[in-house]
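**Student:** Pasting in a structure now, in structure tokens, and then I'll have a few things to ask.
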Amino acid sequence: MKDNVVTFNRKNIEYYLFEDYLGDKHRTLSLLKKIYYEVKPIIPRKLQIFLRRIYAKKVQTKYKFIDWPIETFLVDEFKSHFNVNFDRIFETLWPNNFKYAFLITHDVDTKIGFKYIPKLVELEKKLGFVSSYNIVPYQYEVDKSLILWLLREGYEIGVHGYNHDGKLFWNLETFVSRVTKINEIIKEWNVEGFRSPATHRNWLWMQLLEIKYDSSFSDTDIYEPMPGGCFSIWPFRMGKFIELPYTLPQDHTLFQILRKKDIEIWKQKFQFLKDNYGLILVNIHPDYLDKNYHYIEEFYYWVKENMDSTCWHTLPKNVAKRFVEHLEEVHSTLQKLLFEVTPKQFKIIKKFLSEIRLRYEEK
Ligand SMILES: [Zn+2]
């Protein structure tokens, strides 16, 4: 982040965390993007990737004020504000003397991805890793026995939107009409976490989801259809839920869109996050496992070798729980900055919920 664009102000930290600095327009999709989603089902896969590569070139210029893959803005600001106390304060973030956390999440976009779940689990089990699988509830056929098996094996299930058609956040009407069905699934599957398809997001609308945590924001990701970044490499409170930002670039972005041929970016970012008490959260799609398996395998083995005893490797729901149930153990400064619902947040949410009630429930 180039410092002439925004100046840091701790009193108004939501300005960064909730991506307010990008303006309200950022939370809606442009007409061109809407047209893209309308015709996407009939665009051949190869052409889709080609278009995404053109788009990637465009955002590299348009969003050059956001650094990628490592955006140090908020880390730098906290370091200069807390000065010598930075380490003392952030050391308390994680439980049991852990210094950073490593979480694996998967978005299962298609039935092909669903089919690949056991192969990925096999690799993860071999290395002693656990992860969360975000399933699309209303698109492909969801094999309940596989879900139950994942849960029995100690994995987590999350909900990945509604039907992954790219239209969930088109307008409030669409979102509201789908949210009840999403909440039904959340209850039925006993799910705590949400990730939005294509990371389309509106933090305020998302207050209608019955979730404990969300992971649709990134510290920096300029390559998504809603480019941006919350700059936080730590979990934080976003109204009624905890936000667990994904902090490593997505597999699809690196290997399909940017055509990277190695995992260097993942390694560099991992080190940066580890050095700053960060949340290392990766999103890997089983859907591209036929193409990306060797990268994922290499990365997992590298992590296994490089994570030390100060790494908290767990399920996302456990991290979210920590910041709800054991907040008093966290340094009070961090509590105030990252985990408290501020009066401003509270006011905005209250107003929104009462508007929703008026518009939709009393009809
Ligand atoms: Zn997805």
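**Student:** Report, by residue number, each residue of the stretch 229-263 that is assigned to a loop (DSSP other than H, G, I, E, B) and closer than 18 Å to residue 289 by Cα.
**Tutor:** The answer is 248, 249, 250, 258, 259, 260, 261, 262, 263.
**Student:** Considering only residues that are aromatic (Phe, Trp, Tyr), surrounded by fewer than 16 Cβ atoms within 10 Å (Cβ to Cβ) and part of a loop (DSSP other than H, G, I, E, B), which ones fall in the stretch 137-175?
**Tutor:** 138
**Student:** For the stretch 25-38, check the following and say yes or no: at least one residue is more than 16 Å from the ligand (Cβ to nearest atom), among the aromatic types (Phe, Trp, Tyr), surrounded by 14 or more Cβ atoms within 10 Å (Cβ to Cβ) and within 30 Å of residue 159 (Cβ to Cβ).
**Tutor:** The answer is no, given that none of the residues of the stretch 25-38 is more than 16 Å from the ligand (Cβ to nearest atom), among the aromatic types (Phe, Trp, Tyr), surrounded by 14 or more Cβ atoms within 10 Å (Cβ to Cβ) and within 30 Å of residue 159 (Cβ to Cβ).
**Student:** Still on this structure: Taking only the stretch 176-203 into account, find how many residues are part of a loop (DSSP other than H, G, I, E, B) and either buried (at least 18 other Cβ atoms within 10 Å of the Cβ) or among the aromatic types (Phe, Trp, Tyr) (or both).
**Tutor:** Residues meeting the conditions: 9.
**Student:** Test residue 130 against the stated conditions and say whether it is away from the ligand (no atom under 16 Å from the Cβ), modelled with pLDDT of 95 or more, β-branched (Val, Ile, Thr) and not in a helix (DSSP H, G or I).
**Tutor:** yes
Quick grid of which residues meet (1) within 16 Å of the ligand (Cβ to nearest atom); (2) polar (S, T, N, Q):
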{"position": "178", "(1), (2)": "yes, no"}
{"position": "181", "(1), (2)": "no, no"}
{"position": "184", "(1), (2)": "no, no"}
{"position": "189", "(1), (2)": "no, no"}
{"position": "194", "(1), (2)": "yes, no"}
{"position": "199", "(1), (2)": "yes, yes"}
{"position": "215", "(1), (2)": "yes, yes"}
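**Student:** Looking at the stretch 89-100, can you tell me whether even one residue there is within 16 Å of the ligand (Cβ to nearest atom) and either touching a residue at least 40 places away in the same chain (Cβ under 8 Å) or surrounded by 12 or more Cβ atoms within 10 Å (Cβ to Cβ) (or both)?
**Tutor:** no
**Student:** In this structure, does residue 86 turn out to be under 25 Å from residue 326 (Cα atoms) and free of Cβ contacts under 8 Å to residues at least 12 places away in the same chain?
**Tutor:** Judged against the criteria, residue 86 is a match.
**Student:** Just one of (1) within 14 Å of the ligand (Cβ to nearest atom); (2) surrounded by 16 or more Cβ atoms within 10 Å (Cβ to Cβ) trips up residue 111, so point out which.
**Tutor:** Answer for residue 111: the failing condition is (2).
**Student:** Condition first: in contact with a strand residue (DSSP E or B) (Cβ under 9 Å, 6 or more places away or on another chain), within 23 Å of residue 237 (Cβ to Cβ) and away from the ligand (no atom under 16 Å from the Cβ). Can you find one or more residues in the stretch 136-154 that meet it?
**Tutor:** no
**Student:** For the structure I just gave you, tell me whether residue 277 is touching a residue at least 40 places away in the same chain (Cβ under 8 Å), of a type outside the set (Asp, Glu) and surrounded by fewer than 20 Cβ atoms within 10 Å (Cβ to Cβ).
**Tutor:** no
**Student:** Restricting the first residue to the stretch 108-121 and requiring it to be without any contact (Cβ under 8 Å) to a residue 60 or more places away in the chain and within 21 Å of residue 196 (Cβ to Cβ), which pairs with a second residue that is within 13 Å of the ligand (Cβ to nearest atom) and not in a helix (DSSP H, G or I) meet a Cβ separation below 9 Å and a spacing of at least six or different chains?
**Tutor:** 111/139; 111/140
The values are calculated or read from the model by the stated rules, or taken from the named source; none is laboratory data. Nothing here was measured: the structure is a model prediction, and the numbers come from that model. Virtual Cβ from ideal backbone geometry, glycine too; neighbours counted across all protein chains shown.
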